[in-house]
Amino acid sequence: MDIQKLRWTREPKHYEISDNRILITTEPHTDLWQRTYYHFRNDNAPVLQMETEEKFFSFVVKTHFGDSHQRFDQCGVAVYLDAENWLKASVEYENGDFQHLGSVVTNDGYSDWATTEIPAAVKTMWYRLSRREDDFCVECSEDGLRFRQMRICHLRRGNGKIRFGIYACSPEASSFTAEFTDFAVTGCLWKAHDGQQPD
């Protein structure tokens, strides 16, 4: 994967891009969220993505977030189409005991949030984001070898040309440096369903 093809939506003040590593230093009060439950809208997190019309692919990246320390500090993968249509997956810092491994899917301006608690000692996570037309699968791995499913979801505006890549943000009064390495784009590793046939 040529990471030089990635383009910013909201370029951060501090970042570094080399051939195989990207560092993003978050700014305070940056986030992606739309309406649901909290009834506010945040759309100011930096997102670094590339465009594709390929309907079947997988994107893999390793994240390191050893510097995260404030509630909701996060970094991970994203498919950001516009302010009201996107998905993201990340580990969000909570406290010294645990953090949230989770994902958010936003369709037409309403976000959900699916999480599970993991130990606060985890500071590295791989993600594999796969596309099958306008459906997506997000998987994670602590070793880059064995991936486990986080969620399968649909983006209503996810057909045709999309953008996908990475993001990092700090919703509260915080800042940390997120590291992204081991980028890869492959054929779709999310296999076609082999059970019940479509309606």
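The values are calculated or read from the model by the stated rules, or taken from the named source; none is laboratory data. Values in this document were obtained by computation on a predicted structure and should not be read as measured data. A quick note on method: Cβ atoms are made from the backbone with ideal geometry, for glycine too, and the neighbour counts reach across all protein chains shown. Please note that ligands, DNA and RNA were not included when accessible areas were found on the heavy atoms of the full protein model with its side chains. Shrake-Rupley method; radii C 1.70, N 1.55, O 1.52, S 1.80 Å.
A few points about this structure:
- Any hit, the stretch 55-68, residues being farther than 23 Å from Ile152 by Cα, open to solvent by 50 Å² or more (accessible area, probe 1.4 Å) and of a type in the set (Phe, Trp, Tyr): no
- Output for the stretch 79-99, where each listed residue is of a type in the set (A, V, I, L, M) and part of a loop (DSSP other than H, G, I, E, B): Ala83
- Matching residues in the stretch 38-54 - criterion: being within 27 Å of Leu189 (Cβ to Cβ) and open to solvent by 60 Å² or more (accessible area, probe 1.4 Å): Glu51, Glu53, Glu54
- Scope the stretch 176-199; condition out of contact with any Lys or Arg (no Cβ under 9 Å at 6 or more places or on another chain) and surrounded by 18 or more Cβ atoms within 10 Å (Cβ to Cβ); matching residues: Phe176, Thr177, Ala178
- Taken together, the residues in the stretch 15-37 that are under 26 Å from Trp113 (Cβ atoms) and open to solvent by 90 Å² or more (accessible area, probe 1.4 Å) amount to 2.
- Pick from the stretch 100-145, criterion among the aliphatic types (A, V, I, L, M), in contact (Cβ under 8 Å) with a residue 24 or more places away in the chain and part of a loop (DSSP other than H, G, I, E, B), ranking: surrounded by the most Cβ atoms within 10 Å (Cβ to Cβ): Ala120
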